[in-house]
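Participant: Provided herewith is a single structure, encoded as structure tokens, for subsequent inquiry.
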Amino acid sequence: MTTAFITHHDCGLHNMGPEHPESPIRLLAIQKVLQKTGLIEQLKQMESVHVTPEQIQLAHANLHQKRLEMKQPDEGVVYADEDTALCPDSLHAASLAAGSSILATNQVLSDKVDNAFCAVRPPGHHAEHNAAMGFCFYNNVAIGAMHALQQPNVNRVAVVDFDVHHCNGTVDIFKDKPEVLVCSTFQHPYYPERYCDIQRDNIVNCPIEAHTRASVFREQLEKYWLPAIQNHKPDIIFISAGFDAHHEDPMADLNLTEEDYRWATQLLMDAARTTCGGRIVSVLEGGYNPVSLAFSVQAHLEVMAGY
């Protein structure tokens, strides 16, 4: 099993201030744990590339990037919304984060690797077709999924999201594209309160109340995600891998552990083997306790790499 690990040093240049939870420390913690455990040496390490404007426009409005560029400051920070700030290097980092999903998709679809994980930031799943929000500028997974659909022999894709926050941006982009299945578990009621009750055949929303036991998360995946993936028969599966439903994460109130993420990854790996030859691209979303984030990513990657 060959797993690509795609990241870039410059993803750490995006900095919304010392008190902001979406911090460069997140990627440093992941790297430290993977190096200390030796797992990093078992992965195909790759450096991300920049996304092109044309690739951004696969998922976003034509002027979305231009509007963000006009807001980016020469110094300090400027807020795109109440949670999402741009510093001088933010769009440089965001371009690399989105480009990682393009690189990962190309690597997986060309059979150069079995699957891929993108350890990048800023995250992307809240970025809607025409709006940046929730720490997100470009929807990294949506851009990768749309790029996949441009390739020969890719007719259907699935995007699954186990971040604690609902993937409103991904749903907004794909709500009227039946070739894309979107499955999401999320704490509810909770941010962002957008599209969480939308009714579409290709959207599988699984809201979970705060403080619910972790077994409910597993039940949701088995009862709703798995049949939907099997019926959809995607040619590749994308994972929006947010680890902020961990019980130690300060941003929410669900009760998952590393073992729940390990279990979920195995479930998705098994589904991918039976539907799309094991093709998976996973992209980091949330996770704001650096320690629990790093060990959750380790569990995720151990399953992806076959350990």
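Bear in mind that the values in this text are calculations on the coordinates, not laboratory data. Everything numeric here is computed off the predicted structure, so don't read it as measured data. As a convention, Cβ positions derive from the backbone with ideal geometry for all residues, glycine included, and neighbour counts pool all protein chains shown.
Participant: Can you give the translational diffusion coefficient of the stretch 3-304 in µm²/s, computed by Stokes-Einstein from the Kirkwood radius over Cα pairs at 10 °C and 1.306 mPa s? Could the numbers behind the result be given before it?
Facilitator: Values: Rh = 18.6 Å.
Taking Rh from Cα pairs, D becomes 85 µm²/s.
Participant: Taking 0.36 nm per residue of separation and subtracting the Cα-Cα distance, what length does fully extending LYS177 through ARG67 add?
Facilitator: On the way: separation 110, 0.36 × 110 = 39.60 nm, distance 2.52 nm.
Fully extending the segment from LYS177 to ARG67 adds 37.1 nm.
Participant: To continue, here is another question. What FRET efficiency, computed as 1/(1 + (r/R0)^6) with R0 = 35 Å and r the Cβ-Cβ distance, is obtained for VAL216 and THR37, rounded to the nearest 0.05? It would help to have the intermediate numbers written out before the result.
Facilitator: Working: r = 30 Å, r/R0 = 0.85.
For VAL216 and THR37, the calculated efficiency is 0.70.
Participant: Say R0 is 41 Å: what FRET efficiency, to the nearest 0.05, do ASP89 and SER110 get from their beta-carbon distance?
Facilitator: Values: r = 31 Å, r/R0 = 0.75.
That gives a FRET efficiency of 0.85.
Participant: How are the Cα pair distances of the stretch 161-307 distributed, in percent, across 10 Å bins from 0?
Facilitator: Result returned by the calculation: 12, 45, 36, 7.
Participant: Provide the gained length on full extension for the span ASN231 to HIS20, in nm with one decimal, where the gain is 0.36 nm per separating residue minus the Cα-Cα distance. All intermediate terms of the calculation are to be shown ahead of the outcome.
Facilitator: Working: separation 211, 0.36 × 211 = 75.96 nm, distance 4.05 nm.
Residue separation times 0.36 nm, minus the Cα-Cα distance, leaves 71.9 nm.
Participant: Looking at the calculated P(r) for the stretch 32-71, what percent of the C-alpha pair distances fall above 17 Å? Kindly include the intermediate steps, with their values, before the conclusion.
Facilitator: On the way: 427 of 780 pairs.
Tail of the P(r) past 17 Å holds 55 percent of the pairs.
Participant: Taking amide hydrogens as modeled 1.01 Å from N in the peptide plane, which residues meet the under 5 Å criterion relative to VAL160, leaving out close sequence neighbours?
Facilitator: Those qualifying (amide H under 5 Å, at least 5 residues apart or on another chain) are CYS183, PHE238, ILE239, SER240.
Participant: With an 8 Å Cα cut-off and a minimum separation of 6 or more residues, compute the relative contact order for the chain in percent.
Facilitator: Once normalised by length, the contact order is 20 percent.
Participant: State the extension gain, in nm to one decimal, for the chain segment bounded by GLU193 and TYR307, taking 0.36 nm per residue of separation less the distance between their alpha-carbons.
Facilitator: Working: separation 114, 0.36 × 114 = 41.04 nm, distance 3.74 nm.
Here the segment from GLU193 to TYR307 would lengthen by 37.3 nm.
Participant: Still on this structure: Would you mind putting 213-221, 295-303, 250-258 in packing order, based on average other-beta-carbon counts within 10 Å, highest first? All intermediate terms of the calculation are to be shown ahead of the outcome.
Facilitator: Working: 213-221: 16.1, 295-303: 23.0, 250-258: 19.0.
So the peptides 213-221, 295-303, 250-258, ranked by packing, come out 295-303, 250-258, 213-221.
Participant: Kindly put TYR261, TYR307 in sequence by how many other C-beta atoms sit within 10 Å of each C-beta, fewest to most. The partial results should precede the final answer.
Facilitator: Numbers: TYR261 25, TYR307 12.
Starting with the residue having the fewest Cβ neighbours, the order is TYR307, TYR261.
Participant: What does the highest-first list of 190-202, 103-115 look like by mean Cβ count within 10 Å?
Facilitator: Going by the mean number of other Cβ atoms within 10 Å, highest first, we get 103-115, 190-202.
Participant: Which residue, ASN15, ALA214, ASN202, has the largest displacement toward the positive end of the dipole of the stretch 3-304 when charges sit on each Cβ (Lys, Arg +1; Asp, Glu -1)?
Facilitator: ASN202
Participant: While we're on this one: If you place +1 on the Cβ of every Lys and Arg and -1 on the Cβ of every Asp and Glu, how big does the dipole about the Cα centre of the stretch 168-307 come out, in debye to the nearest 20? If you can, show how the numbers build up before the last one.
Facilitator: On the way: 11 positive and 20 negative charges, 93 e Å.
Dipole about the Cα centre, nearest 20: 440 debye.
Participant: Further question on the same structure: Can you pick out the pairs among LYS36/LYS112; LYS32/LYS112; LYS112/LYS223 whose Cα atoms lie more than 29 Å from each other?
Facilitator: Details: LYS36/LYS112 26 Å; LYS32/LYS112 26 Å; LYS112/LYS223 33 Å.
As for pairs spanning more than 29 Å Cα to Cα, those are LYS112/LYS223.
Participant: With both bridge residues required to lie in the chain, what share of the DSSP beta bridges run antiparallel, to the nearest 5%? If you can, show how the numbers build up before the last one.
Facilitator: Numbers: 5 of 39 bridges.
Among the beta bridges of the chain, antiparallel pairing accounts for roughly 15 percent.
Participant: For a quick check: with amide H placed at 1.01 Å from N, whose amide H comes under 5 Å from GLU128's, ignoring anything fewer than 5 positions away on the same chain?
Facilitator: Residues meeting the criterion, in which the H sits 1.01 Å from N, are MET133.
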